[in-house]
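Enquirer: Okay, here's the structure, questions in a sec.
The values are calculated or read from the model by the stated rules, or taken from the named source; none is laboratory data. As the structure is a computational prediction, the values presented were derived from the model and not from experiment. FYI the Cβ positions are ideal-geometry reconstructions off the backbone, even for glycines, and counts take in every protein chain you see. When the accessible area is computed, the model is the full protein with side chains, heavy atoms only, and any ligands, DNA or RNA have been set aside. Shrake-Rupley method; radii C 1.70, N 1.55, O 1.52, S 1.80 Å.
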Amino acid sequence: KELVPVCWLWARTVKSINPSFSHIDVPLTNTFLLSPKSGNETYIQPIIKNDSYTFKVIKGKPQDLAMTKLGTSAGKRSAFRCLMSGEPIGYEYIRKEAQAGRMKSKLMAIIVQGKGERLYLSPNAEQESAANIREPYWKPELDLSDNKRDLAAAKYGIKKFSDLFTNRQLTGLTTFSDLIEDLREKIKKDISALPQNNLVNSEGQAISSKNYSDMVSLYLGFVIDKCSDYWSTICSWHLSKELIRNTFSRQSISITWDFVEVNPFSDSSGSWSAMTNWVWKSLSNTPAFGKGYASQKDASTQNLSENKIISTDPPYYDNIAYADLSDFFYVWL
């Protein structure tokens with residue numbers, strides 16, 4: 001059968017710490033388990049042969065479930081263990097390799113949409129080479145903040161926002177961004193060609209073709225931002241729910257050792273069509289009327305709040321670096 005991939009599951013790699021295998025890129029992965037769901041249990045089996053290895057996806061319950069869950073993880077102190085030698089690989093070594101530009105990635109599995117279920121396939125050379133493309137002509141060059149707490153990924157050689165994406169993800173985001181600019185002009189032309197412009201806002205005022213095309217482009221810009229949240233190397237695979245966990249599952253950008261790369265052209269979570277649906281559903285439930293105002297008052301003497309319920313945001317101060325994190329989306333807008 002021909003089935004559309006939902007995403008590709010990758011493991012970051014570094015050179016083996018053992019001198020005998022120092023020419024081999026070994027995986028850093030938290031788990032080899034793909035699905036623990038009853039009746040659809042699936043896992044990845046590393047096949048070691050001489051001084052190389054491959055990954056094979058196997059359906060069924062693994063014999064050693066504990067090791068499958070661990071992947072090559074070896075706990076907080078040792079971080080990971082070398083797949084070839086079993087030796088511990090510490091975080092200091094990983095950071096050194098990453099900052100020197102030697103951290104790579106290896107395809108572990110392909111996840112496709114079957115009839116009412118996810119199917120997991122073994123990786124192959126064709127799928128891995130298809131992802132090996134050049135950088136696009138443009139990419140976000142803004143530096144990541146040196147906030148090591150909320151942008152911990154920066155410790156692992158991720159110095160710019162573009163480093164959070166694979167070349168294929170960068171190409172996808174850049175291409176869709178360019179298409180929005182093209183679409184803006186097409187909308188203006190199409191409206192201008194109409195015999196009568198009946199576009200009005202919620203107050204019955206006429207809207208020019210330029211303003212209308214600008215608004216549609218802005219909303220499509222929101223779609224790009226939604227896509228960027230699901231099209232980065234910080235995204236991971238949610239085992240129990242069998243779906244993609246987005247970049248901002250919490251308010252930080254931390255390194256993800258085994259990450260998923262979404263297929264923009266599938267009909268599943270994280271695709272362009274799915275993200276478009278999220279945006280228009282949000283907009284359709286956003287009030288398009290009413291006016292707001294702001295005034296600056298002395299808190300001890302103001303009477304603006306009399307007979308009103310006041311809702312305030314907790315004083316986070318610098319507990320979460322919202323401004324630094326928001327640049328993740330700003331660079332695409």
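Enquirer: Whether any residue in region 112-119 is acidic (D, E) and open to solvent by less than 40 Å² (accessible area, probe 1.4 Å) is what I want to check.
Expert: We begin by selecting, within region 112-119, every residue acidic (D, E); these are 117.
Pick out the ones that are also open to solvent by less than 40 Å² (accessible area, probe 1.4 Å) and you get none.
The answer is no; no qualifying residue exists.
Enquirer: Show the residue pairs meeting these rules: Cβ distance below 7 Å; 6+ apart or different chains; first residue within region 287-307 and surrounded by 10 or more Cβ atoms within 10 Å (Cβ to Cβ); second residue modelled with pLDDT under 90.
Expert: Partner pairs satisfying both residue conditions: K297/L304.
Enquirer: Answer with yes or no whether K37 is surrounded by 12 or more Cβ atoms within 10 Å (Cβ to Cβ) and under 22 Å from L119 (Cα atoms).
Expert: Details: surrounded by 12 or more Cβ atoms within 10 Å (Cβ to Cβ): yes; under 22 Å from L119 (Cα atoms): yes.
Taking the combined requirement at face value, the residue satisfies it.
Enquirer: Filter the strands (runs of 3 or more DSSP E) completely within region 30-75 down to those with at least 1 residues that are within 20 Å of Q127 (Cα to Cα), of a type in the set (A, V, I, L, M) and over 24 Å from the mean Cα position of the chain (by Cα).
Expert: Numbers: elements: 33-35, 42-49, 52-59.
Once the strands (runs of 3 or more DSSP E) in region 30-75 are filtered for at least 1 residues that are within 20 Å of Q127 (Cα to Cα), of a type in the set (A, V, I, L, M) and over 24 Å from the mean Cα position of the chain (by Cα), what remains is 42-49, 52-59.
Enquirer: Which residues, taken from region 120-172, are surrounded by fewer than 18 Cβ atoms within 10 Å (Cβ to Cβ), touching a helix residue (DSSP H, G or I) at 6+ places or on another chain (Cβ under 9 Å), aliphatic (A, V, I, L, M) and touching a residue at least 40 places away in the same chain (Cβ under 8 Å)?
Expert: Within region 120-172, L121, A131, L142 qualify.
Enquirer: What are the residues in region 259-286 that are among the charged types (D, E, K, R), under 30 Å from N30 (Cα atoms) and open to solvent by 20 Å² or more (accessible area, probe 1.4 Å), if any?
Expert: Applying the first criterion (among the charged types (D, E, K, R)) to region 259-286 yields 261, 267, 281.
Okay, now just the ones that are also under 30 Å from N30 (Cα atoms), so 261, 267.
Within region 259-286, just D267 meets the criteria.
Enquirer: Can you name every residue in region 91-105 that is surrounded by fewer than 18 Cβ atoms within 10 Å (Cβ to Cβ), within 22 Å of the chain's Cα centre (by Cα) and closer than 14 Å to T256 by Cα?
Expert: The answer is R95, K104.
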